[in-house]
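Right, one structure below, let's go through it.
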Amino acid sequence: MTVESVCVCVCGEMKIEFAPLRLPLRRRLQTAAVVQWVFSFIALAQVCLAAFVLLCLSDWWILAALYAGWLYLDRDTPLCGGRRSHWVKSWRVWTYFRDYFPITLIKTADLDPRYNYLFGFHPHGVLVAGGFGNFCTEVSGFSQMFPGLTPYLLMLPFWFRVPFFREYVMCGGLVSSEKASASYLLSRPGGGHAAVIAVGGAPESLDARPGALTLQLLQRKGFIKLALKHGAWLVPVFSFGENELFDQMENPTGSALRRMQDRLQRFMGVALPLFHARGVFQYSFGLLPYRKPIHTVVGRPIPVSQNPCPSKDDIDALHALYMEALTQMFEENKTNYGISEDKHLNFI
């Protein structure tokens, strides 16, 4: 059997394509790295919460009480730049994670570290793999490409209330997506900070599937207002391949499933896309992403003059300029990354 050969088992009408028994160790390690990453996204928070509850009910409850006190004293840290760890961001596991897809960061222009920046990340995808790999680890070369600039990926505030889990995600440079958090980063004197916002947010993840080029941007103007208030330069970022990693159950607008997902999203603040792709030992079903390349292109900066009280016209004008820059960057790069000439972005 060659490395690339596979076994196919027919179960009823479903064909299961198994991974070959003989694969290079590096491929196994890449899969293991992605398994732990997916687990971190969909289950680690629940495990951490359960561990805290069990600690409260055990003979070691005093440790839980002390940690609860620490949570109270440390409650503002996710709003004030977090607590990143260069050691965690440089773990070898992230190298295997990067190479699984692989993930590549592409620079199109220099970014002057004397300014603060607001990166608009598109599309959201299901699990923001490109955003995490490029801005929460050191393996894609961000620090070498943009010396003097520190990226912070914004994440829903809910996750920073989960015991233990909050400490882990902050180590990767993740911070709260609350307005106060973004304002703190964008107003830092001396520049050198980049707040990375997945502009489409949780609702956009419900439409993340292969071939999707629809971005929730037309009514998303809060990040534009923030950039104006703090004089932070805007940088459009498009992650080619982000939507190719997972399939989703059909959930067209107006369907019963979509209505339920929309209600849950409004109530909980988090989206629940019913995604699927491949498994660990077979390629037919599971929760691991497909091995599809991700090319994250960092566009040219849009200079922004500080305006503490921007008018609606000011916001609309800069928003239109941002959409134009994002569209231009997409059109210039799309054919390089597998998108045909006749495909275009659709803003809703």
Report task. Consider ARG92 carefully, then state whether it is among the basic types (Lys, Arg) and within 27 Å of GLY222 (Cβ to Cβ). Result -> no
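Here is a yes/no grid of residues against (1) small (Gly, Ala, Ser); (2) open to solvent by less than 50 Å² (accessible area, probe 1.4 Å):
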site: TYR96; (1), (2): no, no
site: ALA109; (1), (2): yes, yes
site: GLY125; (1), (2): yes, yes
site: SER140; (1), (2): yes, yes
site: THR150; (1), (2): no, yes
site: PHE165; (1), (2): no, yes
site: CYS171; (1), (2): no, yes
site: ALA180; (1), (2): yes, no
Query - Selected residue (only one of PHE347, PHE281, PHE330, PHE285 is open to solvent by less than 30 Å² (accessible area, probe 1.4 Å) and touching a strand residue (DSSP E or B) at 6+ places or on another chain (Cβ under 9 Å)) - result: PHE330
**Report entry** Any hit, region 249-258, residues being under 22 Å from the mean Cα position of the chain (by Cα), acidic (Asp, Glu) and surrounded by fewer than 20 Cβ atoms within 10 Å (Cβ to Cβ)
**Finding:** no
Requested in this report: Hey, could you check region 209-248 for residues that are under 25 Å from ALA320 (Cβ atoms) and small (Gly, Ala, Ser) and say which is most open to solvent (accessible area, probe 1.4 Å)?
Outcome: GLY222
Query raised in the report: Quick one: how many residues across region 279-329 are over 20 Å from the mean Cα position of the chain (by Cα) and part of a strand (DSSP E or B)?
Result: 2
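Looking at region 288-303, which of its residues are of a type in the set (Ser, Thr, Tyr) and under 11 Å from GLU242 (Cβ atoms)?
The answer is THR296, and nothing else.
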Report summary line: Within region 253-282, the residues that are touching a residue at least 12 places away in the same chain (Cβ under 8 Å) and β-branched (Val, Ile, Thr) are VAL270, VAL280
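The values are calculated or read from the model by the stated rules, or taken from the named source; none is laboratory data. Everything numeric here is computed off the predicted structure, so don't read it as measured data. Counting neighbours? That spans all protein chains shown, and the Cβs are built from the backbone with ideal geometry, glycine included. Surface accessibility is based on the protein's heavy atoms, side chains included, excluding ligands, DNA and RNA. Shrake-Rupley method; radii C 1.70, N 1.55, O 1.52, S 1.80 Å.
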